1. When the helix-only estimate is applied to the chain (DSSP H runs of n ≥ 4, each -39,500 (n - 2.57), divided by the residue count), what is the mean residue ellipticity at 222 nm, nearest 500 deg cm²/dmol?
2. Return the aspartates and glutamates within reach of residue 198: Cα separation strictly under 13 angstrom, same-chain partners fewer than 8 residues apart disregarded; answer none if there are no such residues.
3. What list of ³J(HN,Hα) couplings, whole Hz, do you get for the range 187-199 from phi and the Karplus terms 6.51, -1.76, 1.60, once you set θ to phi - 60° and write x for glycine and proline?
4. Please work out how much length the chain gains when fully extended from residue 162 to residue 144, using 0.36 nm per residue of separation minus the C-alpha to C-alpha distance, in nm with one decimal.
5. Expected output is a single nm value to one decimal: the length gained when fully extending between residue 62 and residue 340, i.e. 0.36 nm times separation in residues minus the C-alpha distance. What is it?
6. Taking neighbour counts of Cβ atoms within 10 Å as a proxy for exposure, in what order, fewest first, do 210, 182 appear?
7. May I ask for the net charge around residue 335, where only other residues with Cβ less than 14 Å from the Cβ of residue 335 are counted and Lys, Arg are +1 while Asp, Glu are -1?
8. If you stretched the chain out fully between residue 170 and residue 279, how much longer would it get, using 0.36 nm times the residue separation minus the C-alpha to C-alpha distance?
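Every read-out reported here was derived from the displayed coordinates using simple, explicitly stated rules and does not represent laboratory data. Just so we're clear, the structure is a prediction, and the values are computed from it rather than from any experiment. Here the Cβ positions follow ideal geometry from the backbone for every residue, glycine too, while neighbour counts run over all protein chains shown.
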Amino acid sequence: MKKYFIWFFMLLTVNLYAIDVDFKLFNRSLAYNAEGSSWEHTMVSMTYFENFTEATFGFYFNDLISFRIGAAVLVPFTLELPDGIRVFPIITTQISNQYVSFTIGTMDSDHNFPAPLFDPLINLTPYVRATEENNRIPNGTEQFNYGKFTHGYYEYGGSLKWFVGGSGELYMNWQLEHLEEHRERFDVGFIYALDFIKIFTPYIGVRYWHNGGHEYQIVPGATAVTENYSGGIGIHSDMLSILYLASFDAPTRDTDELNQFGHGLYTRVKISVYGWFDIEPSVFVSGYYLNNEHRYISTEADPFFRVPFYFGLNLYRDFVFDNGIEIAIQFVNGMFLTEDGDVGARFDQGINFDFTYLLDIVKK
C-alpha cells in the first residue's frame, strides 16, 4: 500500500504544471450550552467546548474533475484529554459542471433538510446529544466508540446534486459497518426544491435510516433491523417553511406490533430585524391530537419535534468578514407539550468562531 501512495505523489509531482493545486485550512472554535426540562427523549442539559481544524489539498485536473485529500482533528475541551480527540480522514473525488455534481468519499452533512427531518446540530459537532443514553437510537446492548449517534461534520458515501430546474440531491451516507460489537448503519436522502421560486419555494425531502446487518451474529439483546422513514412536502426556503411531515418508525422487523406511523405540520419564518439579527418563530403540531397512536418520529431530526406540540423562537446573528473570518451566535428557545400534558422548555445558546484560509499553490 505504501508504494502505491509513493507512486501516486510522484505522478502528481511530475504533472503538477498541468493542474491547479490549492491548500485550504479551516478552523472552528465552538461553545454550546443547552438547558431543558420535562422530556426524556433528548439530552436536556449540557455544556460543551471544542476546537475543530481541517487541512486539505485540492487538485483540479480540468473543468470537470477534482480531488481533495487531507485530515481534520477534533479536540473537545474536557479534563479527560486526550480522550475524545478524533481524527477524520478527508478523501473526496468530484465530477462536476454548472448543471450537475457527483461526489464520492468524504462529504459534508450540509443537506437542505429542515430541523424536523435533520437535526441542525449534526453538522455543528458530533457530540451534541451523542451519548449512550440517547433514546433516539434504541437498544443499549451494542458498543460504540463514540456513542450511539455517530454523525458529525462529515459523512462518507456518495452524493449526486443537480442545479437545473431547481436544485436537488440524492445521497447515501455510510455511518457504521457491521461488526461484532454493533450493527451496520446508513441513511439515504432525497431533496428537491424549485428554488428559482424565491421565498415560496416548492419542496420535497425524504430520508431513510437503517440500522441492521447480516455479516455477524446479532449482538445479544439487539434487534436484527431497525428502520425509519420520514419526509416533508410543501414550501421550504431560507425565509419560510410550511411543510406537511410524515414518518414511519419500525423499531424491529421481528414484529409489526411496535411499528408506528406519525405525521404533523411544521411552519417557520425567518425575519431580519433591521439587519441587526434574525428572529425565527416556528410551530410544530403533531397528528397525535387527531390520533393518540400517531407519533411523528424522524430518528436523526431535532428530537424536540417528537412532541405533540412545539413552539420555537430562535435568534441568530452572523458576523462575516472579508478575510475568511465568521462569528455566528445563536439562541435556540422553545416551549412544548408532552403526551402527558406537561409543559417543557429548552434554552440553547451557542457561538462559533470560524476561520478559513485558502492558498493557491499552483495556478495554470
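1. Values: 1 runs with 13 residues, N = 364.
Rounded to the nearest 500, the figure is -1000 deg cm²/dmol.
2. 238
3. 9, 10, x, 9, 9, 8, 9, 7, 6, 6, 9, 6, 6
4. Stretched fully, the residue 162-residue 144 segment lengthens by 3.0 nm.
5. Full extension from residue 62 to residue 340 adds 94.1 nm.
6. Values: 210 18, 182 22.
Lowest count first: 210, 182.
7. Residues close to residue 335 contribute a combined charge of -2.
8. Stretched fully, the residue 170-residue 279 segment lengthens by 36.2 nm.
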